[in-house]
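*Asks:* Sharing a structure here in structure tokens format.
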Amino acid sequence: MSYIFSLIISYFLGSIPFGLIVARIFNKGDLRKVGSGNIGATNVMRVGGLRLAGLTWILDMAKAIIAVLIGRYVGGESFAAWCGFVAIVGHCFPVWLKFHGGKGISSLFGILLAVNPLLFVIEGIEWLIVALGFGYSSAGALVVFTLMPIFGFVIEPGVGLAFLAIAILCFVRHRENILRLFAGKESKIEWKWKK
């Protein structure tokens, strides 16, 4: 029962739409009706600037970190990673928003930080290099998704399988970004401190 309860808590933690909440608190409107329509940190940056995006990123990371810590307490490292996966499912498909949520990248970084801080640093540097070098947040994210399972299997098989599930989910959530990247129509990052 403790395992099931942990997974349920992880889902509901992940389903908290912090991007939507932050945008509303700071009078930036309904994220679902502005910018890309996504409730994640990238769209928050488009409508509210870097500071609000950073706040959203931290909060989305925090909910995933809490899910991982709960999983570790209940069932060890592999179960912790699976609780992280369920938190991302909640982030992407929140029951409160009729299962229309974000794409999981900020929560993914929360999982990396909680599971292994070194992985967080490595993947974070990689994301920054690609995102800054090419100007596309999604391009950096795709490389992160590709490398994540490899690093996970180095830790232990259970973590690797959970990281593979996370990567597949995030690839699916980014399928439109992938198509736009290949078509040369993907929006570049707008690095604005405030709006």
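The values are calculated or read from the model by the stated rules, or taken from the named source; none is laboratory data. Just so it is clear, the structure is predicted and the values come from calculations on it, not from any experiment. Here Cβ is always computed from backbone atoms with ideal geometry, including for glycine, and neighbour counts include all displayed protein chains. To get the accessible areas, we keep the full protein, side chains included, count just its heavy atoms, and leave off ligands, DNA and RNA. Shrake-Rupley method; radii C 1.70, N 1.55, O 1.52, S 1.80 Å.
*Asks:* Just give me a number: lysine pairs in the chain, eight or more positions apart or cross-chain, with C-alpha atoms less than 21 Å apart.
*Replies:* Within the chain, the lysine pair count is 16.
*Asks:* Next question. Return the distance in nm (one decimal) between the two label points of a simple spin-label model at I168 and I8, each offset 7 Å from Cα along Cα→Cβ.
*Replies:* According to this spin-label approximation, the distance is 2.6 nm.
*Asks:* Give me the dipole magnitude in Debye, nearest 20, for the stretch 1-144 about the Cα centre, with unit charges on the beta carbon: positive for Lys and Arg, negative for Asp and Glu.
*Replies:* Dipole of the stretch 1-144, to the nearest 20 debye: 540 debye.
*Asks:* Can you tell me how much longer the chain between L128 and K188 gets when fully stretched, taken as 0.36 nm per residue apart minus their C-alpha distance, in nm with one decimal?
*Replies:* Additional length available on full extension: 20.2 nm.
*Asks:* Accessible surface of R46 in the full protein assembly, 1.4 angstrom probe, to the nearest 10 Å²?
*Replies:* 60
*Asks:* Rounding to the nearest 10 and keeping the result within 0 to 90°, find how far the Cα-based axis of helix 41-92 lies from the longest principal axis of the chain.
*Replies:* Value to nearest ten degrees: 10.
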